[in-house]
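Have a look at the structure below before the remarks.
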Amino acid sequence: MPTYTEFRKVGRKLGFRLIRSEKHETWRKIDEQGNILEFRIGHKHGKDIPEGTFRIMLRQAGIKSEKEFREILKGLK
């Protein structure tokens, strides 16, 4: 499973911005249609994201699949 740090990197690449960092971080962006996309992430940086949490975060970020996530991440390295 990907780490929280990797998800942050992909979020930045997709145009998400950190808007709040308290108990959890909240990341937000407005897509081309004017929809607000937002995901929350824990402060666990290098730790693996549990599978269920990862799937929820993908959906919230508008990423269609783990494969798409991996392709975006691969492009960052």
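Gain on full extension, evaluated as 0.36 nm per residue between Lys64 and Lys23 minus their Cα-Cα distance, stands at 12.0 nm. Compared with the direct C-alpha span, the chain from Glu32 to Ile56 gains 6.5 nm at full extension, assuming 0.36 nm per residue. Along the Cα-to-Cβ line of His45, 7 Å from the Cα, sits a label point; which residues in the stretch 1-31 have backbone N less than 13 Å from it? It comes to 4-6, nothing else. With an a/c value of 1.5 or above and a/b not larger than b/c for the gyration tensor axes a ≥ b ≥ c computed over the alpha-carbon atoms, the stretch 18-71 is described as oblate. Straight-line cross-link reach from Lys29 at under 17 Å between alpha-carbon atoms covers these lysines, not counting any fewer than eight positions away in the same chain: Lys9, Lys13, Lys64.
State, as an integer percentage, the relative contact order of the stretch 4-76 based on alpha-carbon contacts under 8 Å between residues 6 or more apart. Display every interim value, and only then the final one.
Numbers: 81 pairs, mean separation 21.7, N = 73.
Rounded, it is 30 percent for the stretch 4-76.
Legend: residue pairs Lys23/Lys44; Lys44/Lys67; Lys23/Lys74; Lys23/Lys67, Cα-Cα distance threshold 20 Å; pairs beyond threshold, Lys44/Lys67; Lys23/Lys74; Lys23/Lys67. The charge dipole of the chain, taken about the Cα centre with unit charges on the Cβ atoms of Lys, Arg (+1) and Asp, Glu (-1), comes to about 200 debye, rounded to the nearest 20.
Rule-based calculations on the coordinates, nothing more; no lab input. This is a predicted model, so every value here is computed, not measured. Here Cβ is always computed from backbone atoms with ideal geometry, including for glycine, and neighbour counts include all displayed protein chains.
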